[in-house]
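The values are calculated or read from the model by the stated rules, or taken from the named source; none is laboratory data. Quick caveat: nothing in here was measured; it's all calculated off a predicted structure. Here Cβ is always computed from backbone atoms with ideal geometry, including for glycine, and neighbour counts include all displayed protein chains. The accessibility values were calculated without ligands, DNA or RNA, using every heavy atom of the protein model including side chains. Shrake-Rupley method; radii C 1.70, N 1.55, O 1.52, S 1.80 Å.
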Amino acid sequence: MKKVLVVFGEGSKKNVLIDSAIFFKEKFGYEIVPLYVKDVRRDEIIPATMDGMIVNLSNNSFSQERDAFEEEEVKHLQEKLKLRGINSVLNVEFGFPWDIIKEYMKLADLLIFEKGEALSESAVTVLKNHFKPIVMVGEKAITSLEKVGISSDDGVKINKSVFSFINIFPDIKNFIMLTLLYKIEDNTLLKYLKEKEKVVEWKNFDGETAKEEYLNEVNNLDLLIMGNLSRGYFFEKITGKKGLNIMEKSQTSIFIG
């Protein structure tokens, strides 16, 4: 049976992740493997100012209170999973997130975790090193794949992600290809999809409001297929590349293969 690894962490939106996992279970027959990661780095000293004073958030009182809160969070998550009909054991691990996720992914087919408003250090590490398909869940749970978009620059990375997606979900036939300031006549990915008998609607965005219109279109999708981050993530951050912009600012869930 295919397995989807669903990763929870402190403060993650539990209902959104659970609803998405249940969709993949009911629609595509995935077995859900829930994992809660306690990040070892949470106990590092984080200086903060309060009325001009430096507060050590990792002192004993803060640390004990945080541990107690997290234990309660794990307990509630276990109860919530059972109430939703997910009887799989909730795996709870303490350590560096990527090291833990990497080991669990060896026995899984798909990884699901929360995208968040901005890419965390853990998310960036996963994106740079992942070796199996991933879904970053956005503001809304994934409950349908009726509107699947492709953010295409016709590069190798997006071609790889699309190839992965159509092999995992062969029954998905309809796609919306989104391009920004691009000539669709040169897009080989579009030709490839048509040869695979997929129905592709193409939308290109141009002009002064192109980026805003592009993001608005993305936010109307159920899922957006994208290519992965490059190794030069911080360079992308500085230069504001389109892919990173979409990844961080869109509310829609993202698939990367």
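Quick one: count up the residues across the stretch 134-158 that are more than 18 Å from D109 (Cβ to Cβ), outside any loop (DSSP other than H, G, I, E, B) and open to solvent by less than 20 Å² (accessible area, probe 1.4 Å).
Adding up the residues that qualify gives 5.
Against the condition part of a helix (DSSP H, G or I) and surrounded by 15 or more Cβ atoms within 10 Å (Cβ to Cβ), how does K211 come out, does it pass?
Against the criterion (part of a helix (DSSP H, G or I) and surrounded by 15 or more Cβ atoms within 10 Å (Cβ to Cβ)), K211 qualifies.
Could you list, in sequence order, all residues of the stretch 90-106 that are in contact (Cβ under 8 Å) with a residue 40 or more places away in the chain and either part of a loop (DSSP other than H, G, I, E, B) or aromatic (F, W, Y) (or both)?
L90, F94, F96, Y104
So, in the stretch 107-126, exactly how many residues are within 28 Å of L190 (Cβ to Cβ) and either at pLDDT below 85 or part of a loop (DSSP other than H, G, I, E, B) (or both)?
2
Being among the acidic types (D, E) and in contact with a Phe, Trp or Tyr (Cβ under 9 Å, 6 or more places away or on another chain) is the filter here, so list the residues in the stretch 120-162 that pass it.
Selection gives D153, D154.
Give K115, K128 a once-over and let me know the one that is open to solvent by less than 70 Å² (accessible area, probe 1.4 Å), among the basic types (K, R) and in contact with a Gly (Cβ under 7 Å, 6 or more places away or on another chain).
K115
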